[in-house]
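Notes follow once the structure below has been shown.
The values are calculated or read from the model by the stated rules, or taken from the named source; none is laboratory data. Because the structure is predicted, anything quoted here is derived from the model rather than measured. Virtual Cβ from ideal backbone geometry, glycine too; neighbours counted across all protein chains shown. Side chains included, ligands, DNA and RNA excluded: accessible areas come from the protein's heavy atoms. Shrake-Rupley method; radii C 1.70, N 1.55, O 1.52, S 1.80 Å.
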Amino acid sequence: MATRARVVQMEERPTTGGNALLVLVGLSMMFLLIVALLGAAKSGGVLFSESNLLYAALIFYAGAGALYMGFGVTGNGRYVKYASTATAIGLAANTLAVAHRWYLSGRPPFASIYEMLLSFVWTVALLTLVAEKKFDVKIIGSITMPLAVVCVILMQLLPSEVRPLVPALQSTWLHVHVTLAMLAYAACAVSFALAMMFLIQDGLKTETFLAWTSAAVSGIYLGIVSTRFEKWGGLSVTAWNPSTKSDMFLGQNMRLFVTIPDLGWLFVIAALGALAPLAFYFLGRWKKEESFYGIANKTVFIGILLQIVVLAAFVLRARDASYPSPDQDGLFPTSLAASPFLLGGMVTGIFASLLYLMLLWRRADLEGLLPAADTLDRVTYKAICIAFPLLTGMIATGAYWANRTWGSYWSWDPKETWAAITWLVYAGYLHMRITRGWRGRRAAYFAILGFGVVIFTFLGVTYLLNGLHSYA
């Protein structure tokens with residue numbers, strides 16, 4: 001499909017938002033860094049520890065994300081300049097954390113979800129700077145930096161102790177296999193961000209983005225409610241063993257769950273709040289009345305407030321508390337570290353809603369700040385051309401390694417199956433583009449779908465589907 005070309009004025013427009021956000025973000029970052037420095041000095045701990053380096057990376061990535069979004073809203077070129085600087089400093093701190101981990105363990109950081117996220121975030125930040133400098137996609141950080149922030153928050157909650165490798169991981173092929181995987185997944189993340197920007201530049205209706213955002217956020221909360229809601233209104237979370245810093249188990253692969261009273265109802269309310277914009281969107285489509293889209297946009301604000309309330313309630317009640325379990329007598333402790341993906345999902349929902357608001361308020365400005373649609377389509381294709389051979393190498397090295405370790409090239413383990421599905425999605429993208437000439441929106445939809453599959457393969461399979469890769 002031929003992409004409708006646009007003439008886009010790429011010169012920066014005059015500053016419309018002043019430097020207020022720059023000052024606010026700078027002061028906030030400075031305050032958080034000083035607090036962390038004083039805390040480290042008071043405790044007498046090592047200043048340049050891995051946790052402190054990751055905390056610094058989180059601060060700079062979050063500041064960069066705020067400035068990238070500020071650039072999208074105001075068109076202030078100074079915002080993106082300092083956002084790039086913050087991203088580079090965050091990348092430097094991230095690099096030092098990777099090096100520190102490598103030094104302590106005596107091996108590359110590839111043996112656990114924590115270590116894989118450490119490498120994944122590093123690669124995403126690097127590719128963000130490459131896409132910004134080489135292809136002039138200055139606003140790409142408004143999507144990739146929130147993704148990096150969510151991942152670093154998850155890392156703060158996941159077990160981070162350096163542990164001996166299980167026998168299956170004691171191989172040089174671990175380094176090759178996981179390196180290819182993290183590079184491929186990061187390239188897929190960049191292709192996702194580029195595809196979303198292409199759809200903005202190609203004129204996809206704002207109300208369509210509204211429907212997508214509402215569906216994604218409501219999917220997060222409906223997923224939590226469907227799996228963790230207790231009949232009496234509680235929320236089921238994993239019990240936590242503070243001495244071993246790990247989940248409690250009733251038996252092999254059977255986690256012990258505790259119930260936080262009444263918290264489940266808040267998640268139900270948040271799910272309904274996230275569904276409201278989608279309901280008004282379909283009502284507007286059915287009655288062909290655009291006024292319903294305006295109502296839907298107003299309900300987005302209510303949804304964000306509900307999400308913030310739920311997040312605050314979850315943090316306050318799940319942090320270092322004890323609750324009863326339906327499976328065992330007594331009270332058992334829980335912690336935020338026991339529910340990293342619940343917390344990550346909530347933060348992701350808030351970021352997605354805020355990104356939609358940026359689009360809603362500044363659609364015309366965003367189109368002026370983005371490269372032409374044809375350019376974005378082409379760069380998305382290049383990103384996937386990088387990702388696909390890396391995915392192929394990941395699967396090939398994994399199969400060879402599996403044969404050496406388990407005596408079989410392929411055992412239909414859930415991780416293997418979903419890695420193959422990921423490969424097929426991107427193979428389908430390249431096939432349809434090369435042989436059928438697919439361009440534009442259909443290709444962008446393929447890239448977005450592919451990244452959704454990547455996220456499930458990377459994180460969802462590990463925690464939802466037990467298999468030989470349960471440690472990864």
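Odds and ends about this structure:
To keep it simple, each residue is scored yes or no on (1) assigned to a helix (DSSP H, G or I); (2) open to solvent by 20 Å² or more (accessible area, probe 1.4 Å); (3) free of Cβ contacts under 8 Å to residues at least 60 places away in the same chain; (4) among the polar types (S, T, N, Q).
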residue: L38; (1), (2), (3), (4): yes, yes, yes, no
residue: K42; (1), (2), (3), (4): yes, yes, yes, no
residue: F48; (1), (2), (3), (4): no, yes, yes, no
residue: L54; (1), (2), (3), (4): yes, no, no, no
residue: I59; (1), (2), (3), (4): yes, no, yes, no
residue: G65; (1), (2), (3), (4): yes, no, no, no
residue: V73; (1), (2), (3), (4): yes, yes, no, no
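- Test: W401 is surrounded by fewer than 19 Cβ atoms within 10 Å (Cβ to Cβ) and more than 24 Å from the chain's Cα centre (by Cα): no
- In the stretch 223-282, the residues that are part of a loop (DSSP other than H, G, I, E, B), surrounded by fewer than 20 Cβ atoms within 10 Å (Cβ to Cβ) and small (G, A, S): G233, S243
- Within the stretch 283-299, the only residue that satisfies the criterion of being open to solvent by less than 20 Å² (accessible area, probe 1.4 Å) and in contact with a Leu (Cβ under 7 Å, 6 or more places away or on another chain) is A296.
- Taking each residue of the stretch 284-301 that is within 12 Å of S214 (Cα to Cα) and assigned to a loop (DSSP other than H, G, I, E, B) and looking for partners that are among the polar types (S, T, N, Q) and modelled with pLDDT of 95 or more with beta-carbon atoms closer than 7 Å, six or more apart or interchain, yields nothing.
- Residues in the stretch 361-375 that are at pLDDT 90 or above and assigned to a helix (DSSP H, G or I) were compared, and the one that is nearest to L311 (Cα to Cα) is A373.
- Against the list (1) surrounded by fewer than 18 Cβ atoms within 10 Å (Cβ to Cβ); (2) free of Cβ contacts under 8 Å to residues at least 60 places away in the same chain; (3) of a type outside the set (S, T, Y), the condition I350 fails is (1).
- K245 meets the stated requirement of being basic (K, R) and within 30 Å of V162 (Cα to Cα).
- Checking each residue in the stretch 399-419 for being assigned to a helix (DSSP H, G or I), in contact (Cβ under 8 Å) with a residue 12 or more places away in the chain and either among the polar types (S, T, N, Q) or under 20 Å from A189 (Cβ atoms) (or both) picks out T405, K415, W418, A419.
- Within the stretch 314-341, being open to solvent by 20 Å² or more (accessible area, probe 1.4 Å) and under 13 Å from L263 (Cβ atoms) holds for V315, L316, R317, R319, A321, Y323.
- A search for C-beta distances below 6 Å between a residue of the stretch 153-165 that is over 11 Å from K245 (Cβ atoms) and any residue that is open to solvent by 40 Å² or more (accessible area, probe 1.4 Å), counting only pairs 6+ apart in sequence or on different chains, returns V162/L104.
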